[in-house]
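Each remark here refers to the structure printed beneath this line.
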There are 4 protein chains.
Amino acid sequence: MTGRPRDPAVDDAIRQAALDLITEQGYRGVSMEGIAARSGVSKQAVYRRYPGKGEVILDVLAAYARTRLPTPDTGDLREDLLALLEETFAAQRGVPGALNQALAAEALQAPAFAERVSSELINARRDAVRQILTRARDRGQVAHPDDEVLIDLVFGPMWYALLFDAGKLTDAYAAALTDAVIAAATRAP
Amino acid sequence: MTGRPRDPAVDDAIRQAALDLITEQGYRGVSMEGIAARSGVSKQAVYRRYPGKGEVILDVLAAYARTRLPTPDTGDLREDLLALLEETFAAQRGVPGALNQALAAEALQAPAFAERVSSELINARRDAVRQILTRARDRGQVAHPDDEVLIDLVFGPMWYALLFDAGKLTDAYAAALTDAVIAAATRAP
Amino acid sequence: MTGRPRDPAVDDAIRQAALDLITEQGYRGVSMEGIAARSGVSKQAVYRRYPGKGEVILDVLAAYARTRLPTPDTGDLREDLLALLEETFAAQRGVPGALNQALAAEALQAPAFAERVSSELINARRDAVRQILTRARDRGQVAHPDDEVLIDLVFGPMWYALLFDAGKLTDAYAAALTDAVIAAATRAP
Amino acid sequence: MTGRPRDPAVDDAIRQAALDLITEQGYRGVSMEGIAARSGVSKQAVYRRYPGKGEVILDVLAAYARTRLPTPDTGDLREDLLALLEETFAAQRGVPGALNQALAAEALQAPAFAERVSSELINARRDAVRQILTRARDRGQVAHPDDEVLIDLVFGPMWYALLFDAGKLTDAYAAALTDAVIAAATRAP
DNA sequence: TGTTAATCGAGACGGTACGTCTTGTCTTTCG
DNA sequence: CGAAAGACAAGACGTACCGTCTCGATTAACA
């Protein structure tokens with residue numbers, strides 16, 4: 001019932017290989033076969049841990065997310081939101097952006113996987129924005145009653161850009177989007 | 001130099017097969033191989049017309065788009081926007097939604113293709129919203145100076161939903177989103 | 001140095017599982033993996049006892065052989081030979097036939113194993129025929145000087161049939177073969 | 001309906017690769033994967049031609065068989081049989097021997113394949129012996145009525161040796177076996 | 001009225017990845 | 001130490017697509 005425990009070095013090798021591949025070649029260059037080859041691990045060892053490459057990427061991204069900074073809390077809605085967006089967009093310009101794109105591609109091919117991504121990754125990010133909005137509302141800075149839609153205004157454009165124009169995610173765009181979202185938030189419909 | 005002209009029936013058969021496949025099985029079930037087999041056409045005949053499945057889907061969607069209604073123009077920003085979003089979201093609940101998801105999946109795998117999708121499909125939709133905003137601005141209903149960001153507020157959440165939660169695109173959501181966008185539009189940052 | 005003694009129940013379970021598998025699915029269905037799974041024993045427990053599936057089968061067959069009848073001795077060459085062949089062929093129509101086929105398949109893949117099969121199984125059977133021939137020669141019924149070739153005439157066709165046409169091994173064939181071998185034996189070349 | 005014709009160079013490459021592999025490494029070293037790799041051919045190209053490695057080997061051996069000498073016809077039973085057996089045994093000491101062993105191994109794993117081997121290869125060899133026997137009977141040199149059993153006496157020991165002791169197939173053994181078979185043939189049971 | 005050239009279907013071709021299966025070894029915990 | 005459990009590297013299995021190619025057979029427009 002116990003058996004030989006999984007070798008953590010294998011876990012690391014798999015994650016590292018997946019990360020390397022996506023960094024060097026993008027989503028197209030990632031395959032279960034390639035991950036195994038690159039990591040010097042057997043295919044079985046990979047399939048034992050993950051049902052598909054989507055879950056590998058999800059796990060790699062989760063590792064990234066674990067080392068993320070806390071939600072900004074400056075006492076000002078605009079400053080909080082801008083800080084969050086700048087940081088988030090900056091990440092999208094790097095490896096996490098490629099990982100997110102890969103995640104999106106996988107999600108499009110399997111609704112069940114989309115569900116997992118939502119619950120394990122997306123929601124955490126939404127929570128951060130929700131905190132910011134809640135605190136601002138307590139300070140009377142938010143009039144719009146529907147947090148969920150406001151959060152969609154924040155992340156929708158980001159994914160939209162990841163799909164069709166990743167270069168768009170600059171600091172300037174973070175500022176412009178922040179302004180627009182705040183305009184929506186501070187006014188009741 | 002002239003040679004045998006292309007058979008229009010083959011064009012139709014290809015588009016129809018692609019449409020059938022995506023309707024029945026989603027993006028995963030679509031392959032150049034499958035399209036050829038389903039349509040009773042040779043693979044070469046498909047590749048002669050399209051460089052990849054992305055372009056097939058793009059073409060099928062373009063055929064849909066050609067039969068689309070004109071941009072609403074009621075004289076009221078909210079009504080215009082709501083009508084547009086309801087109509088658009090309704091489409092996403094049907095076959096065009098699946099086609100859009102497929103398009104997104106392809107775009108994620110080839111930046112060059114993402115570019116094509118942008119210029120040939122996305123921009124047309126953005127133009128519609130831009131018209132609505134421009135007319136409203138002329139009537140003094142829009143204070144926000146940056147149309148492009150406002151348009152992102154409209155379509156970003158839609159693609160976001162197509163990625164992770166297609167069921168979200170209801171009439172109610174169209175209304176909520178309309179309200180939020182208008183809140184942003186009517187207020188200068 | 002002594003440690004825990006091996007559990008004889010494990011030995012039995014392994015042999016039984018191997019026997020079951022070969023009975024139900026033939027040689028193709030036998031694997032070390034399968035034997036372990038079927039017997040509810042760890043793979044290690046199997047490998048500790050046998051270097052490969054060939055030896056498992058050899059052991060199972062040896063268990064069968066232990067319960068075999070003695071060499072016939074009726075005082076007549078033809079009767080002795082016929083009795084032996086009928087009994088032997090009858091066995092080949094059953095589970096021992098499948099085991100022999102498996103043994104042959106293993107032998108073909110490892111000459112060293114072929115050697116073991118020869119010395120541990122084949123030779124015992126050859127001895128039986130050799131006894132019959134020796135007794136007959138003492139009675140003046142055998143003129144052919146080379147027992148080994150005569151024995152080959154007996155068993156060669158049997159293995160030949162096991163390879164390509166196991167259904168051939170009927171009582172009628174035992175009789176026909178007996179006649180031919182006796183014809184060869186009673187005449188000096 | 002016609003399609004691109006199969007490239008004969010591919011056929012040759014496959015057969016050559018299979019031959020090389022079996023020559024260098026024996027039956028164990030042959031795999032569909034290896035044949036494809038070695039021949040520089042895609043796996044599909046192999047599977048398109050053969051359902052399994054057994055059929056590849058069968059085909060290679062058939063190519064050998066096509067270039068075989070005609071059945072000896074010296075007017076004397078002993079000379080004919082000896083010539084045939086010496087030639088046949090000599091072949092078993094070389095590559096065809098390895099091919100035959102491989103064939104046997106495959107036949108043991110699939111009765112359907114055993115059937116094919118019988119009809120496409122074995123029977124041709126039996127025919128040769130049958131011709132020799134028939135001619136000898138016409139000359140009054142054969143008294144035994146059952147050709148099929150006599151043929152089994154010829155080939156049985158050969159396959160028996162291929163299974164468990166390939167080194168046995170010397171010229172001396174060919175002579176000894178010839179003598180024994182003739183002893184059986186010239187005497188009615 | 002023939003060429004000529006691009007089409008059509010069919011299907012072979014080299015590749016790559018898929019996900020599963022065995023093999024034989026190794027590593028853990030428990031008895 | 002034996003036993004069950006199960007991880008591990010290695011590599012074959014047979015299938016599916018990819019995008020390209022080579023056929024023989026059409027189907028026009030041009031000569």
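A few comments on the model shown:
- Volume per residue that the Cα convex hull of segment C:62-185 spans, once the total is divided by residue count, Å³: 99 Å³
- Computed from Cα atoms, the angle from the helix B:123-138 axis to the main principal axis of chain B rounds to 20 degrees.
- Using a 7 Å Cα-to-Cβ projection, A:GLN44 label spacings across copies, nm, ascending: 1.6, 3.0, 4.5
- The angle separating the long axis of helix B:171-185 from the principal Cα axis of greatest extent in chain B is about 50 degrees.
- In plain terms, the residue of C:ASP179, C:ASP147 with the fewest other Cβ atoms within 10 Å comes first and the most crowded comes last, giving C:ASP147, C:ASP179.
- Alpha-carbon Rg with Dmax, taken over segment A:8-49, Å: 9.3, 27
- Each other copy holds its own label point for B:PRO111; taking that point as 7 Å from Cα along Cα to Cβ, the gaps run 3.3, 6.0, 6.2 nm, nearest first.
- For D:ALA90, the distances from its label point to the matching points in the remaining copies are 4.6, 8.4, 8.9 nm, ordered from shortest, with each point set 7 Å beyond Cα toward Cβ.
- Distance violations [Cα-Cα > 24 Å] among A:LYS43/B:LYS53; B:LYS53/B:LYS168; B:LYS43/D:LYS43; A:LYS53/D:LYS53: A:LYS43/B:LYS53; B:LYS53/B:LYS168; A:LYS53/D:LYS53
- Legend: calculated FRET efficiency, B:LEU69 to B:GLU148, from the Cβ-Cβ distance at R0 = 25 Å, rounded to 0.05, equals 0.60.
- Gyration tensor over the Cα atoms of the protein assembly as shown: the corresponding equivalent ellipsoid has semi-axes (square roots of 5 times the eigenvalues, largest first) of 80, 31, 19 Å.
- Site-free segments of chain B were taken between trypsin sites (Lys or Arg not before Pro) in DSSP loops having at most 16 other Cβ atoms within 10 Å, sites themselves excluded; the longest one is B:7-67.
- With respect to the axis relating copies C and A by rotation, the chain C residue whose beta carbon is closest, plus that distance in Å, is C:GLN44, 4.
- Between C:GLY26 and any residue 5 or more places off or on another chain, the built amide H atoms are never under 5 Å apart.
- Note on A:119-126: average number of Cβ atoms from other chains within 10 Å of each residue's Cβ is 1.
- Computed magnitude of the charge dipole of segment A:1-113 (debye, nearest 20; Cβ of K, R +1, Cβ of D, E -1): 640 debye
- Positive-end residue, chain C charge dipole about Cα centroid, Cβ charges, pick of C:ALA188, C:PRO70, C:LEU85: C:PRO70
- Helix D:95-109 and the longest principal axis of the Cα set of chain D meet at an angle near 80°.
- Rounded to the nearest 20, the size of the Cβ-charge dipole of segment D:8-49 about its Cα centre is 160 debye, with Lys and Arg at +1 and Asp and Glu at -1.
- Semi-axis lengths, Å, segment C:12-134, gyration tensor of Cα atoms, sqrt of 5 times eigenvalues: 30, 15, 12
- Residues D:MET32, B:MET1 in ascending order of nearby Cβ atoms (within 10 Å, fewest first): B:MET1, D:MET32.
- Anisotropy class of segment B:101-173 from Cα gyration tensor, a/c 1.5 cut: oblate
- Each Lys and Arg adds +1 at its Cβ and each Asp and Glu adds -1 at its Cβ; summed about the Cα centre, segment C:97-189 shows a dipole of about 240 debye.
- Three-way shape label, segment D:142-181, alpha-carbon gyration tensor, a/c 1.5: oblate
- Cβ-derived FRET efficiency at R0 51 Å, D:ASP7 paired with A:MET1, nearest 0.05: 0.40
- Contact order for chain C, expressed relative to its length and based on alpha carbon pairs under 8 Å spaced 6+ residues apart, stands at 22 percent.
All of the numbers you see were taken from the coordinates with simple rules; none came from a lab. Remember, it's a predicted structure, so these values are computed and weren't measured experimentally. Neighbour counts run over all protein chains shown; Cβ positions are idealised from the backbone, glycine included.
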